[in-house]
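In what follows, a single structure is set out as structure tokens and then discussed.
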Amino acid sequence: MRSSSAPIRDPQYSLETAGAPSRTPIVLRPASIEDVDALVALEDASFVADRITRRSFRNLIGSASALILVAETGGRPEILGYAALLFRRGTALARLYSIAVAADAAGRGIGRSLLKAAEAAAFDRDRILLRLEVREDNERAIRLYRSEGYRPIGRYLDYYADHMPALRFEKILRGEKLFDSGVPYYEQTTDFTCGSCCLMMALARDVSGFELDPVMEIRLWREATTIFMMSGPGGCDPYGLAVTAHEFGLDAEIHVSQAGDLFLEGVRSLEKQKVMALAQEDFRRRAITYAIPTVVEPFTLDLLRAHLGKGGTAIVLVSGYHMFAKKVPHWVLAHGDDGRHIIVHDPWVADERGESIADAAHLPLPYTTFDKMARFGRAALRAAVFLSPRRS
Ligand SMILES: CC(C)(COP(=O)(O)OP(=O)(O)OC[C@H]1O[C@@H](n2cnc3c(N)ncnc32)[C@H](O)[C@@H]1OP(=O)(O)O)[C@@H](O)C(=O)NCCC(=O)NCCS
């Protein structure tokens, strides 16, 4: 990887490095054009090839889609290290393009401080993931990344000038404070029970005595499933989830952008389509019987935020394309709003990508990112089931 400042003492980046034995405090700040000479010197001393050029440093410092942070000693300005971030437009990704610390300042915690400040800066810019590449033989940097919670997501062969492969790492950014709505997290134990797991999590907070376990996961799935979805066992549909939520003691409200049968276009077999349509008709009839309000129009972010603001939760359909690059419908549970993000429990933990529950629970998704994710398929189907504790 590779990657840019005026002496702004933004308190967020102004920190003394942990573990630095009472030396002059280190200050982090965005780089400015006056820093280019020092950055080039540091770059030349830190890397033997694939160096960032003077021109590139200038461009990065002037670019709205990059940020270079520099570390300097408070008293005697001298650049001891830098971290460069790239922000790809239209995505929720940030990339740590480069990081380096001067050899005579190494091992004092400056690299770690730069990395943390880079994460905070990316989070502030509404990025949910920070990715980076590192030479496979760079044990020192790899140890730093691993210790800060980065997980390996791949390997590029022949990536550097000397043909050394690069390891790719990624970290989900979640800011300093964890939003706690009191909704417990539950990881789905099958590929197809995301909807029922979202419902379970909502029930666990709002219905006393409700217990989360795999037996209940399957039971709720059986009650709310449309039988098939795409291929194989089916996922849940919004009407089925709302009817089941009602039967288990929650108030439900359905928001769906289109009337009629859902998810049929991904199913090739006519017989499967027929069964799905019948199951959905049954759910719609029962929703009417239970007087479950149904709004046939795409819900807006403001509407969802108002609902969450009243302490409700919402099972929201998202495209798996955004979450794990698969074009499958997927349900997540929105359970909080911190003023900039919708807080989500995603029941799917991507073990194959080295994720843990910490990567899937309490995910702060910036409003615009969430808004983009919350639609599925060519028709941009928008569906959510708003849930609240039973009123009477
Ligand atoms: C990688 C680099 C940025 C780390 O900066 P640093 O300021 O020395 O690192 P820190 O003092 O913050 O230490 C952070 C962690 O890095 C690792 N680390 C630091 N020095 C190390 C050493 N000599 N040997 C092994 N690991 C080391 C440790 O995990 C350390 O954590 P710990 O002190 O809690 O054990 C720095 O070594 C560097 O500039 N290297 C050359 C450029 C480079 O390789 N950049 C990375 C490109 S992907």
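Can you count the Lys pairs in the chain with C-alpha separation below 26 Å, eight or more apart or on different chains?
Lysine pairs meeting the criterion: 14.
What spacing in nm lies between the two simple spin-label points modelled at A106 and S147, each 7 Å away from Cα in the Cβ direction?
Those two pseudo-labels are separated by 1.4 nm.
Express in whole angstrom the spacing between the alpha-carbon centres of the range 109-132 and the range 143-180.
Here the two parts' Cα centres lie 12 Å apart.
If you take the square roots of the eigenvalues of the alpha-carbon gyration tensor of the range 194-389 and sort them as a ≥ b ≥ c, do you get rounded (a/c under 1.5), prolate (a/b over b/c) or oblate?
Numbers: a/c = 1.29, a/b = 1.15, b/c = 1.12.
Cα axes put the range 194-389 in the rounded bin.
So with the 1.4 Å probe, I'd like the accessible area per residue for the range 194-389, rounded to whole Å². Intermediate results must be reported in sequence, preceding the final value.
Numbers: 8190 Å² over 196 residues.
Ligands and nucleic acids excluded, the figure is 42 Å² per residue.
Please give the calculated 222 nm ellipticity per residue for the chain, where each DSSP H segment of at least 4 residues contributes -39500 (n - 2.57) and the sum is spread over every residue; nearest 500 deg cm²/dmol? Walk me through the numbers on the way to the answer.
Numbers: 12 runs with 123 residues, N = 392.
Theoretical 222 nm ellipticity from helices: -9500 deg cm²/dmol.
If I take all pairs of Cα atoms in the range 55-174, what percentage of them are more than 18 Å from each other? Write down the numbers at each step before the final one.
On the way: 3831 of 7140 pairs.
Cα-Cα pairs in the range 55-174 separated by more than 18 Å: 54 percent.
Defining a contact as two alpha carbons under 8 Å apart and six or more residues distant in sequence, what relative contact order in percent does the range 26-172 show?
In percent, rounded to a whole number, it is 18.
Roughly speaking, what is the stretch gain from V48 to S392, that is 0.36 nm per residue apart minus the C-alpha to C-alpha distance, in nm to one decimal? Present the calculation step by step, with values, prior to reporting the outcome.
Details: separation 344, 0.36 × 344 = 123.84 nm, distance 7.05 nm.
Gain in length upon complete extension: 116.8 nm.
What relative contact order, as a whole-number percentage, does the range 169-277 give when Cα pairs under 8 Å and 6 or more residues apart are counted?
Values: 121 pairs, mean separation 23.2, N = 109.
The normalised contact order for the range 169-277 reaches 21 percent.
Lys and Arg at +1, Asp and Glu at -1: add these up for the other residues within a Cβ distance under 12 Å of W221 and post the number. List each step's numbers first, then the result.
Numbers: positive: R219, R222; negative: D191, E217, E223, D237.
Overall, the nearby charge balance is -2.
With the Cα gyration tensor of the chain in hand, convert its eigenvalues to equivalent ellipsoid semi-axes via √(5λ) and list them largest first in whole Å. Mind showing how you got there, number by number?
Numbers: eigenvalues 444, 91, 62 Å².
Value: 47, 21, 18 Å, ordered largest first.
Between the range 184-198 and the range 218-297, what's the alpha-carbon centroid distance in Å?
17
Quick query: amide H of R390 versus all other amide H atoms, modeled in the peptide plane; which residues come in under 5 Å with a sequence gap of 5 or more or a different chain?
Correct list: D251.
Which parts of the range 356-392 would a label at E265 reach, counting a residue when its backbone N lies under 12 Å from a point 7 Å out along Cα-to-Cβ?
Residues passing the 12 Å test: 376-382.
Normalised by the residues of the range 101-233, what does the relative contact order come to in percent, with Cα pairs under 8 Å and at least six apart? Could you put the intermediate results ahead of the total?
On the way: 127 pairs, mean separation 22.9, N = 133.
In percent, rounded to a whole number, it is 17.
Using the basic label-point model (7 angstrom from Cα toward the beta carbon), what is the Y290 to L157 distance in nanometres?
For the pair Y290/L157, the computed spacing is 5.4 nm.
The values are calculated or read from the model by the stated rules, or taken from the named source; none is laboratory data. If you're wondering where the values come from, they're calculated on a predicted model, not measured in any experiment. Ideal geometry is used to build each Cβ from the backbone, glycine not excepted, and the neighbour counts take in all protein chains shown. Quick note on the areas: whole protein, heavy atoms, side chains included, nothing else; ligands and nucleic acids left out. Shrake-Rupley method; radii C 1.70, N 1.55, O 1.52, S 1.80 Å.
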